[in-house]
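Laboratory data are not the source of any read-out in this text; all were calculated from the coordinates shown. A quick note: this is a predicted structure, and the numbers were derived from the prediction, not measured. FYI the Cβ positions are ideal-geometry reconstructions off the backbone, even for glycines, and counts take in every protein chain you see.
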Amino acid sequence: MSDAAAKPLALVTGVGPGTGASLVRRFTEGGYRVAMIARDVERLAALEAEIPDAFAAPCDVTDRAALQDVIQRVGPPKVVVHNAVGGAFGKFIETDPATLQRNFEINTTALLHLAQLTTPAMIAAGGGALIVTGNTSALRGKPNFAGFAPTKAAQRILAESLARDLGPQGVHVAYLIIDAVIDVAWARERFKQAPDDFFIKPASIAAEVFHLAHQPRDAWSFLAEVRPFGEVW
């Protein structure tokens, strides 16, 4: 067995240029091979060329058959991070029900797929972790989030059900609330006058996810939160 093949496997969904890429970097730095799931084949190929021990696994997380095929090909992960997100902004009167349904499939149904397809092997192996990246829409429904917040709230509740079921079987499920504007290009463009410490760094989010995935069994968290020190909450 090669040195790379001997490393534990992490599977990260929603690998984009911000949080997703930082998650991949943090887990490879922590000694993992990382299967990167997203629909953008070119972006994944570029990250694969850049990050040692990371490899592309192009897939739409809402396609259960495709997701199952990916997992069968890459092998059983020790850690799964569901970072893929479907979002929308607009009041309820403007929201296309199809948008709400699509976001539900990405945020919530895909989490169910991932849990069903990966955690039985974790149980058999004696442990593992399933971490979900969320945000404050999982806790409150503001007027302009009618097509998004319900799906994140459902995601959080599903994660809690998974945690209560899987925890006693040795699999740690945690939900991370990100109460912040993430420091990515489009956010910098939107908040041009904001100081650096207004944003949360994708690397900081990744560090907390890695920490959650490696908490000792006598001190597991389920609901965790991160926010910049100046964020009003």
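In the chain, what % of DSSP beta bridges are antiparallel (nearest 5)?
0 percent
Where in the stretch 135-173 is the amide nitrogen less than 14 Å from a point lying 7 Å along the Cα-to-Cβ axis of Asp96?
147, by backbone N distance to the label point.
Neighbour counts of other C-beta atoms within 10 Å: give me Thr95, Thr13 arranged from fewest to most.
Exposure proxy ranking, most exposed first: Thr95, Thr13.
Can you give me the angle between helix 41-50 and the longest principal axis of the chain, using Cα atoms only, in degrees from 0 to 90, rounded to the nearest 10?
Approximately 60 degrees, to the nearest ten.
Quick one: check the C-alpha center-to-center distance for the stretch 204-233 versus the stretch 84-135, whole angstrom.
Their Cα centres are 19 Å away from one another.
Mind checking which aspartates and glutamates have their Cα closer than 12 Å to the Cα of Lys7? Skip sequence neighbours fewer than 8 apart in that chain.
Cα-Cα hits under 12 Å: Glu29, Asp53.
What is the magnitude of the charge dipole of the stretch 8-226 about its Cα centre, with +1 placed on the Cβ of each Lys and Arg, -1 on the Cβ of each Asp and Glu, and no other charges, expressed in debye to the nearest 20?
260 debye
Kindly express, to the nearest 10 degrees and within the range 0 to 90, the angle between helix 19-29's C-alpha long axis and the longest C-alpha principal axis of the chain.
The angle comes out at about 30 degrees.
Given points 7 Å out from each Cα along the Cα-Cβ axis, report the Gln116 to Ala5 separation in nanometres with one decimal.
Result: 3.1 nm between the two label points.
What FRET efficiency, computed as 1/(1 + (r/R0)^6) with R0 = 22 Å and r the Cβ-Cβ distance, is obtained for Ser161 and Leu223, rounded to the nearest 0.05?
Between Ser161 and Leu223 the formula returns 0.95.
For a quick protection proxy, order the peptides 137-148, 71-82, 14-25 by their average other-Cβ count within 10 Å, most packed first.
In decreasing order of mean packing, 137-148, 71-82, 14-25 become 14-25, 71-82, 137-148.
Tell me, what ³J(HN,Hα) does each residue in the stretch 105-120 have, in order and in whole Hz, if you take phi through Karplus 6.51 cos²θ - 1.76 cosθ + 1.60 with θ = phi - 60° and put x for Gly and Pro?
5, 6, 7, 10, 4, 4, 5, 4, 4, 4, 4, 5, 8, 10, 6, x
Choose one of Val34, Ala46, Gly134: the residue whose Cα lies farthest towards the positive end of the charge dipole of the stretch 1-142 (beta-carbon charges +1 Lys, Arg; -1 Asp, Glu; about the Cα centre).
My answer, from the dipole projection, is Gly134.
Run the reach check for Lys192 against aspartates and glutamates, Cα to Cα strictly under 12 Å, same-chain hits fewer than 8 apart removed. What comes back?
The qualifying aspartates and glutamates are Asp183.
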